[in-house]
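> One structure, pasted below without further comment.
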Amino acid sequence: MEKNKIIETKKLCKTFSNYGNMQHILKNIDLEIYEGDFTVIMGPSGAGKSTLLYALSGMDTPTLGNIYFNGTDITKLNQDKLALFRRKNCGFVFQQIYLVDSMSVMDNILSSGLLVNKNKKELVPKAYDLLKKVDIKKEYAKKFPTQISGGEAQRVGIARALINSPKVVFADEPTGALNSKTGTAVLDCFTSFNEAGQSIVMVTHDMKSARRGNRILYIRDGEIVGECNLGKYVSGDPERHKKLADFLVRMGW
Amino acid sequence: MKEVLLAKSNIRKGKSLAIGLLLLITIATCFLNVVLVIFNDFKDNSYKHAKRLNTEDVLLIAYGDDKNKIDEAYLSSITNDYKDIEILDNLGVDSEVKYGDGTINTTIIIENEETALNARIGKVELMDVDESITDNYIYLPNQLHVGGKHKVGDMFELKVSNKTYKYKIKGFINSIGLGSYNAGAIKVIIPKDEYDTIKTEGSTSLQIKIAKFKLNDGISQEKFANTLTTKLEKDNKISAQAMPLSLVILARTFISTILGVCFAVVSIVVIIIVLLMLSNSISNYITDNIKTIGALKSIGYTSGNIKASFIIQFITLTLIGSILGIGLSYVMLPGIIDLMTTQSGIPCKVSPNILWILVTLFTILLVVFLSVIFFTKKIKKIEPITALRDGVNTHNFKKNRIALEKSILPLNLSLAIKTMFTNIKQNIATFIIAFFLVFSGVISLIMYQNFSVKPKVSLMTFEYSDGAVLADKDLNKDIYNYMSSIEGVKNVRAVTSLPVKNDDNTLFSYVLDDSKKLENKDVCYKGRLPKYDNEIAISGKYASTYKFNIGDQIIINKGDKKAKYIITGYIQSFNNMGQEAVLLETGANKLLDKEINKQYYYDVKDGYKVDKINKKIQNKFGDRITSTANIEEIMDAALATFVAISNIMVILIMSVSFIVILLILYLLMKTFIGKKRKDYGILKATGYTSRNIIFQNAISFMPSIVLSVIISSIVSYFVANPYLETITKSFGVMKLTFDVPIDLMIIMGIGFIVISYLITLFLSLKLRKIEPYNLLKDE
């Protein structure tokens, strides 16, 4: 069965000027992201992984090229239209978690949800449901981000990313700041949401995290240089791990 | 050295904070130096002129039947407290003088040129003399030039008992005694021939004696003046008015006192704001740079080193700001001095005074130094390891304000209010600053309202009317009846000035035919005016100084006569420094041997002109009318300086408020946006538009500003009059009843809120261009 393209880039470039030195971070990237996929972007530090992720999600504007999100060229949108686009189509999970410290857990989720759905009778139960799904106790809803652990905070971040049922969740090294145990819990959340049909694009350089994806893209010096399809995630599958490891070795990881 | 490097680095990192503080310090220093110059150099200037012109310590004006008794032998027989004396024969008249766009009513002492220019004591200095004018000329006091807008070459009308003499103005005179109508009398100089003409044509009542005294060292001018007049009036038929130099200078410089106090208030407010900003910026620096402080401590910097860097940083800023402020003050001072000179009439040139420059510098530096020491105390308590581990946890969220789950407010408003609560320190600072600025604004509006828009004449003078007539005593019965019969005239009442004494203190009393006829219902602010001949009302200030209460008995003398009166009430006005009293004619008669010339006030009905009625009265009684006055014009002239000052104060305070609130909001917003950068990045990432965030940011400052404006306006409404009373008490106004202009306050309050909102909105605009990725990346 052919998958629906949800994002497509054409000749995507991103260049930074550093005191007159032009640095080409992304070079003519042509890429397609499919609905329902758990796409993982890997690559060495400075390869342009995060830049690509933020360009795809409309958080950052490319220097050249086009990004079609569900057929709409988002490079043509101004900042405010991009914000409107993001609130309906994208969810974000960041490495540094980035919850608003001055808001409670519930407020962090609702501040995002109320932008799209003003009906609190629908939204508040949905927020509690998401908290349950990411294994956060109900009473934690009133706590502040500084009062919960990093793993819990990251799972709250996932709940926030999902509150508007986005077309794609973008995750930038979501386990980068977490220990192994809490990292696994976060990845489990991603897997379960993906299994429920949620499209996810995740940047990581952690193999354990990458293994969760069904499609691995490898980026080096601003270019996609390799792709590996791992298929549906099965926990503890040694073949999957080997396949990923071989791919990464081939990519010179 | 390392502290200097740290300080330089801090200034570089916080350029806008440095510039903001620099400007605030510049404003504070500028006003402080202006205040010092006004209170010292401007007053000193008067005394310097007095010394240079060998001005008398006490000037005596004597008139009455026995005035010719006054000679050196006679005066030395009653007092030997003086070391030098000069006695002159002059002419004196109470008359109207054109002053600016109105007229003033004052005592004019006419001197002949020969005598005046050769005076040994109380010399005059001629100014702007036009030598081409050789006859029929007059020299006027400088006040009539700088305040009254008379110019050399203009014609000047001198009205003496219904006759008008016209002279060409040849020049002006600088004289400390008799140089300003605010001090009771002015002198004009005319050639001897012209002088003799007036003397011949006028009545003998014009002739007066003037005695100028230089007192022995240690003799009090006020006491000497009181004792002298008491003795003269007791034994003779002499009416005497003695003017101590200190009171003359006080009267000639009272506008400078008011302006000085206003500038001092503004200066103090700005200094408080500087301290708040210092506290805020140091606290923010410590929070934002806790890791840097930890790193510095870990590599061996002591708390002292770090504190020293702050001291160097802020002292450097203060030094630069103070130098700019002092420079600015000397740019502003000529204009301010000119304004004050229009009232004093004493020429004044200001040059930089090293003493006040040093006092200003030292004061500001000391205040900033002590504040920095105090605000950086907590650096000592920071342990390097705690600081390096992201330091002190500054989040203390005891309560989730405006929980979105329950909030009924729109989302962006809810988030704005949340932001406000997380930003409580900055909001408290904004609240306090806005409070002081609004309070200063209300004070300036009150001055504007009560001097410019609707002058509070009930406080400026004892009684007001449309017209006034001073008539010979032989007309006393006829004139009242005649005036009352004139069509268009209403409420004719006698309000006659009569200086009396209590002990050795002069009380300028007003003698009324009927206290019920008085139009100025505010003059008696406690108790009531006299109804019977044994009653008196006295100035509240006098009662307070000499411990008199309502119901007490007071002994009043006039010459050798004395009588006891019961005090029925307290009166007040800006005149006569709070040494006034009110008697009924029947009561005053106990102090008088014979009838005195009475002054009649009257009002006119709509459609009738005062000048026409005055003319009619003059035509009817001729020479027996000593003078007439159009009080409305007199009030306009008398208020001109107040109006100018109140207008300047409104402009000044509003401008300072605008600049200060702009700077404060700029500094607070800059710090705030820096702190909230990450949060705004998160919100943008999750789909908030720039407009949403700008609105949230701008509106989060508004509750504190709106609340501050409302509370400050309410507090000002109740406190402004008592606050201003602390200043006006020294002039004799004990209970101030200035109108508080609620409409102007509302306009100012709304304006303040709107301008603040626009400023915060404008400052938030830069968030628009920042992409969320950059906001997060820079975190």
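A short reminder: the numbers here are calculations on the coordinates, not readings from a lab. Keep in mind that this is a model prediction, so the values were computed, not measured. Note that we place each Cβ from the backbone using ideal geometry, even for glycine, and neighbour counts take in every protein chain shown.
> Using Cβ counts within 10 Å as a stand-in for footprinting exposure, how do B:358, B:140 rank, fewest first? Don't skip to the end; give the middle numbers.
Details: B:358 11, B:140 26.
Going from sparsest to densest Cβ surroundings: B:358, B:140.
> Using all alpha carbons of the stretch B:58-218, what is the percent of pairwise distances in each 5 Å bin, ordered from the shortest bin to the longest?
Pair shares across the bins are 2, 8, 18, 22, 20, 15, 8, 5, 2, 0.
> Add -39500 (n - 2.57) for each DSSP H run of 4 or more in chain A, then divide by its residues: what number comes out at 222 nm, to the nearest 500 deg cm²/dmol?
Helix contribution divided over all residues of chain A: -10500 deg cm²/dmol.
> Further question: I'd like to know which of B:102, B:171, B:129 lies farthest towards the positive end of the charge dipole of the stretch B:83-172, counting +1 on Cβ of Lys and Arg and -1 on Cβ of Asp and Glu.
Most positive-ward Cα: B:102.
> Further question on the same structure: In square nanometres and to one decimal, what's the mean projected area of the convex hull around the Cα atoms of the stretch B:666-745?
About 7.8 nm², averaged over all directions.
> Okay, next question. Listed here are the pairs B:516/B:609; B:67/B:598; B:291/B:670; B:199/B:590; which of them are more than 27 Å apart at the Cα? Present the calculation step by step, with values, prior to reporting the outcome.
Details: B:516/B:609 25 Å; B:67/B:598 21 Å; B:291/B:670 21 Å; B:199/B:590 34 Å.
Pairs exceeding 27 Å: B:199/B:590.
> To the nearest 20 debye, what charge dipole does the stretch B:678-779 have about its Cα centre, counting +1 at the Cβ of each Lys and Arg and -1 at the Cβ of each Asp and Glu? Each step should come with its number before you reach the end.
On the way: 9 positive and 7 negative charges, 63 e Å.
That gives the stretch B:678-779 a dipole magnitude of about 300 debye.
> Taking Cα pairs under 8 Å and at least six residues apart, what relative contact order does the stretch B:397-545 come out at, in percent?
Values: 80 pairs, mean separation 21.2, N = 149.
Relative CO of the stretch B:397-545 lands at 14 percent.
> Where the centroid of each part is defined by its Cα atoms, how far is the stretch B:187-207 from the stretch A:45-101 in Å?
96 Å
> Expressed in whole Å with the largest first, what are the equivalent ellipsoid semi-axes of the stretch B:75-169 derived from the C-alpha gyration tensor as the square root of 5 times each eigenvalue?
Working: eigenvalues 153, 58, 35 Å².
Working from the Cα gyration tensor, I get semi-axes of 28, 17, 13 Å.
> Note down the magnitude of the dipole of the protein assembly as shown about its Cα centre, charges +1 on Lys and Arg C-beta and -1 on Asp and Glu C-beta and zero elsewhere, to the nearest 20 debye. All intermediate terms of the calculation are to be shown ahead of the outcome.
Details: 126 positive and 100 negative charges, 1142 e Å.
Around 5480 debye, computed over the protein assembly as shown.
> Can I ask one more? Hey, what did chain B get for relative contact order, percent, Cα under 8 Å, at least 6 apart? Each step should come with its number before you reach the end.
Working: 1356 pairs, mean separation 130.4, N = 779.
Here the relative contact order equals 17 percent.
> Here's something else I'd like to know. For a quick check: with amide H placed at 1.01 Å from N, whose amide H comes under 5 Å from residue A:95's, ignoring anything fewer than 5 positions away on the same chain?
Result for residue A:95 returns A:172.
> For chain B, build the convex hull from the C-alpha positions and give me its volume per residue in Å³. Numbers along the way, then the final one.
Details: hull volume 161.9 nm³, N = 779.
That works out to 208 Å³ per residue.
> Here's a follow-up. Would you mind giving the three semi-axes, in whole Å and largest first, of the ellipsoid equivalent to the stretch B:256-369 according to its Cα gyration tensor?
Numbers: eigenvalues 325, 41, 17 Å².
For the stretch B:256-369, the semi-axes come out at 40, 14, 9 Å.
> Rounded to the nearest 500, what is the 222 nm mean residue ellipticity of chain B from helices alone, with -39500 (n - 2.57) per DSSP H run of 4+ residues and division by all residues? Each step should come with its number before you reach the end.
Numbers: 25 runs with 402 residues, N = 779.
Helix-only estimate at 222 nm: -17000 deg cm²/dmol.
> Over the Cα atoms of the stretch B:621-666, what radius of gyration and what Dmax do you get, in Å?
Spelled out, the Cα radius of gyration and Dmax of the stretch B:621-666 are 21.2, 71 Å.
> Within the stretch B:469-537, which chymotrypsin sites (Phe, Trp or Tyr not before Pro) sit in a loop by DSSP and count at most 13 neighbouring Cβ atoms inside 10 Å? List each step's numbers first, then the result.
Numbers: sites: B:480, B:482, B:508, B:510, B:525, B:532; in loops: B:532.
Within the stretch B:469-537, the qualifying chymotrypsin sites (Phe, Trp or Tyr not before Pro) (loop, at most 13 other Cβ atoms within 10 Å) are B:532.
> Follow-up. Calculate one ³J(HN,Hα) per residue across the stretch B:221-226 by plugging θ = phi - 60° into the Karplus curve 6.51 cos²θ - 1.76 cosθ + 1.60, and present them in order as whole Hz with x for glycine and proline.
Computed from phi, the couplings for the stretch B:221-226 are 4, 5, 5, 4, 4, 5 Hz.
> Here's a follow-up. Under the rule of at least 5 residues apart or a separate chain, name every residue whose amide H is placed under 5 Å from the amide H of residue B:461.
B:574
> Follow-up question, since we're still on this one. Can you give me the Cα centroid spacing of the stretch B:559-574 and the stretch B:423-457 in angstrom?
Centre-to-centre distance over Cα atoms comes out at 39 Å.
> Ok, one more. Average the reciprocal distances over every distinct pair of alpha-carbons in the stretch B:539-595, invert the result, and give the Kirkwood radius in Å.
Numbers: mean 1/r = 0.0820 Å⁻¹.
Evaluated over the stretch B:539-595, this radius sits at 12.2 Å.
> Dipole of the stretch B:437-547 (Lys/Arg Cβ +1, Asp/Glu Cβ -1, origin at the Cα centre): which of B:530, B:486, B:476 lies farthest to the positive side?
Of the listed residues, the answer is B:530.
> Please turn the phi angles of the stretch B:743-749 into ³J(HN,Hα) values with the Karplus equation 6.51 cos²θ - 1.76 cosθ + 1.60 (θ = phi - 60°), one per residue in order, whole Hz, x for glycine and proline.
Once rounded to whole Hz, the list reads 4, 5, 4, 5, 4, 4, x.
> A further question follows. What list of ³J(HN,Hα) couplings, whole Hz, do you get for the stretch B:150-167 from phi and the Karplus terms 6.51, -1.76, 1.60, once you set θ to phi - 60° and write x for glycine and proline?
Once θ is set to phi - 60°, the couplings for the stretch B:150-167 become 7, 10, 4, x, 6, 8, 10, 9, 10, 8, 10, 6, 6, 9, 10, 9, 10, 10 Hz.
> Less than 16 Å apart at the alpha-carbon level, and either on another chain or at least 8 residues along: which aspartates and glutamates does that give for residue B:675?
A:101, B:288, B:390, B:778, B:779
> If one computes P(r) from the Cα atoms of the protein assembly as shown, what percent of pairs lie at distances over 48 Å? Kindly include the intermediate steps, with their values, before the conclusion.
Details: 255335 of 531996 pairs.
Here the tail beyond 48 Å accounts for 48 percent of pairs.
> Amide H to amide H, which residues 5 or more places from residue B:466 or on other chains are under 5 Å from it, using H placed in the peptide plane?
So residue B:466 has HN proximity to B:602, B:603, B:604.
> Which of A:91, A:71, A:213 moves the most in a Gaussian network model of chain A with Cα springs under 10 Å?
The residue with the greatest mean-square fluctuation here is A:71.
> Would you list the P(r) distribution for the stretch B:459-634, with all Cα-Cα distances sorted into 10 Å bins from 0 and each bin expressed as a whole %?
Distribution as computed: 10, 38, 33, 16, 3 percent.
> Hey, another quick one. About its Cα centre, how strong a charge dipole does the stretch B:459-634 have in debye, to the nearest 20, once Lys and Arg get +1 and Asp and Glu get -1 at the Cβ?
Details: 27 positive and 26 negative charges, 57 e Å.
Charge dipole of the stretch B:459-634: 280 debye, to the nearest 20.
> Over the stretch B:459-634, what is the mean sequence separation of C-alpha contacts under 8 Å (at least six apart), divided by residue count, expressed as relative contact order in percent?
Once normalised by length, the contact order is 38 percent.
> So for B:679, B:81, fewest C-beta neighbours within 10 Å to most, what's the order? Present the calculation step by step, with values, prior to reporting the outcome.
Values: B:679 22, B:81 16.
Listed from fewest to most nearby Cβ atoms, that is B:81, B:679.
> Counting other beta carbons within 10 Å of each residue's own, what order do A:22, A:42 fall into, fewest first?
Details: A:22 9, A:42 27.
By the 10 Å Cβ count, ascending, the order reads A:22, A:42.
> Right, next: Could you point to the residue in A:100, A:125, A:161 farthest towards the positive end of the stretch A:8-165's charge dipole, with +1 and -1 charges on the Cβ of Lys/Arg and Asp/Glu respectively?
A:125
> Same structure again: Which value does Rg/Rh take for chain A over its C-alpha atoms, Rh per Kirkwood? Intermediate values should be presented prior to the final figure.
Numbers: Rg = 18.0 Å, Rh = 18.7 Å.
Here Rg/Rh amounts to 0.96.
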